[in-house]
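For reference, the structure is listed below as structure tokens.
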Amino acid sequence: MHCEITPYKRWEGHHGPLYAMCMTDEGFFSGGADKQLLYHSHQHHLAIEKIAQFSESIFSIQVIGEHIWVGSFSGYCYQIHRSSQDVHKWQAHQGPVFALIPLSNGWMASGGGDGKLHIWDVDNQKIIRSIWLGDFKIRSLQYSKEENLVSVTGGDGSLNILDLPWFNTQHQWQLRDEACYSSVYLSSKDVWITGHKNGSIQFWKKNEPTALVKIPAHLGAVYDLKLDPKNNLLFSCSQDKSLKIWDLTNLTMMAKWDAWENLPYRSINKMDIFGDKLHSLGDNGKIDVLKICIFD
């Protein structure tokens with residue numbers, strides 16, 4: 001199997017570094033340092049809708065039902081009704097809200113720079129539980145529906161696996177001086193995959209104290225990871241301004257995109273897959289849509 005990445009489209013509605021994106025079936029939301037929350041339609045390629053303007057940078061976005069949730073630089077969570085655009089605001093964390101994810105039972109989780117994991121009752125718009133995991137920044141959250149587990153990555157290099165509904169720690173790995181920025185769960189192998197500040201991608205198995213495999217994947221921090229289970233592929237993006245595709249069968253790199261390489265910007269911060277398209281955004285303030293071509 002071979003894989004190629006080709007440019008498809010570029011969105012240019014923002015005016016500063018971008019940190020957050022949330023994909024839906026109809027389109028996607030984006031936000032960052034210019035404090036704008038924008039919506040981009042998959043069908044209408046020229047349509048960019050400004051949903052809201054905030055007084056601070058946007059670090060995370062999540063869509064649940066009719067509401068858009070936004071996590072901010074100073075620890076606020078905003079809830080915006082999609083139709084009426086009514087806004088509610090809560091001081092949730094003491095530090096940036098780096099992650100928002102929907103859970104089962106009508107719950108949502110938020111993770112912040114204060115090391116706290118908040119569990120929200122979405123319908124009643126309130127925090128029902130707070131869990132302090134340590135003196136570090138929670139950089140990303142992932143929910144595995146198959147296992148009913150939440151993975152929490154930390155700036156101290158930790159990966160914590162918590163169960164639902166009790167949020168007890170089922171597994172924990174600690175890597176000193178290797179801050180962990182991203183994670184995904186490969187259910188077919190029962191393996192967690194993590195991206196780190198030192199540019200490595202590492203693979204973890206239950207009850208194994210050390211990484212099964214460690215790949216020197218990038219020259220800078222690995223800020224985001226995404227899986228394509230159907231084609232057995234792993235996508236990674238980095239502070240080194242590159243995006244790579246890995247074959248999970250033999251852990252070899254299949255394709256690389258580094259169109260920003262000679263530009264004075266620092267990183268690709270987020271990405272997501274929609275159909276055969278890969279959307280990426282970062283410090284240059286643009287959203288690049290890339291077509292993924294897979295062939296024998």
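The values are calculated or read from the model by the stated rules, or taken from the named source; none is laboratory data. Since this is a predicted model, take the numbers as computed values, not measurements. Cβ sites come from the backbone with ideal geometry, for glycine too, and all protein chains shown count toward neighbours. Heavy atoms of the whole protein, side chains included, go into the accessibility calculation; ligands, DNA and RNA do not. Shrake-Rupley method; radii C 1.70, N 1.55, O 1.52, S 1.80 Å.
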For the range 236-249, what are the residues that are of a type in the set (A, V, I, L, M) and surrounded by fewer than 21 Cβ atoms within 10 Å (Cβ to Cβ)? Leu248
Just for the range 1-34: of the residues that are part of a loop (DSSP other than H, G, I, E, B) and within 18 Å of the chain's Cα centre (by Cα), which one is nearest to Ile64 (Cα to Cα)? Thr24
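In the range 260-273, which residues are in contact with a Pro (Cβ under 9 Å, 6 or more places away or on another chain) and either closer than 19 Å to Ser151 by Cα or surrounded by 16 or more Cβ atoms within 10 Å (Cβ to Cβ) (or both)?
Arg266, Ser267, Asn269
Here's the yes/no breakdown for (1) among the small types (Gly, Ala, Ser); (2) under 15 Å from the mean Cα position of the chain (by Cα); (3) open to solvent by less than 60 Å² (accessible area, probe 1.4 Å):
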site	(1), (2), (3)
Gly195	yes, yes, yes
Thr210	no, no, no
Ala217	yes, no, yes
Leu251	no, no, yes
Lys256	no, no, no
Gly275	yes, no, no
Val289	no, no, yes
Cys293	no, no, yes
Within the range 179-188, considering residues that are surrounded by fewer than 19 Cβ atoms within 10 Å (Cβ to Cβ) and closer than 20 Å to Asp224 by Cβ, the one nearest to the chain's Cα centre (by Cα): Leu186
Mind listing just one residue for me: the one in the range 125-147 that is at pLDDT below 95 and of a type in the set (S, T, N, Q) and, of those, least open to solvent (accessible area, probe 1.4 Å)? Ser144
Tell me which of these Gly32 doesn't satisfy, since it passes every other one: (1) within 23 Å of Asp272 (Cα to Cα); (2) open to solvent by 20 Å² or more (accessible area, probe 1.4 Å); (3) in contact (Cβ under 8 Å) with a residue 12 or more places away in the chain. (2)
Can you spot a residue in the range 44-52 that is open to solvent by less than 50 Å² (accessible area, probe 1.4 Å) and under 22 Å from Met108 (Cα atoms)? yes
Considering Leu233, Leu175, Leu225, Leu164, which residue is closer than 24 Å to Ala109 by Cβ and open to solvent by less than 10 Å² (accessible area, probe 1.4 Å)? Leu225
Go through the residues of the range 63-77 one by one and say whether even a single one is under 21 Å from Tyr181 (Cα atoms), of a type in the set (A, V, I, L, M, F, W, C) and open to solvent by 70 Å² or more (accessible area, probe 1.4 Å). yes
Of the criteria (1) over 16 Å from Ile138 (Cα atoms); (2) touching a residue at least 40 places away in the same chain (Cβ under 8 Å), which one Tyr181 fails: (1)
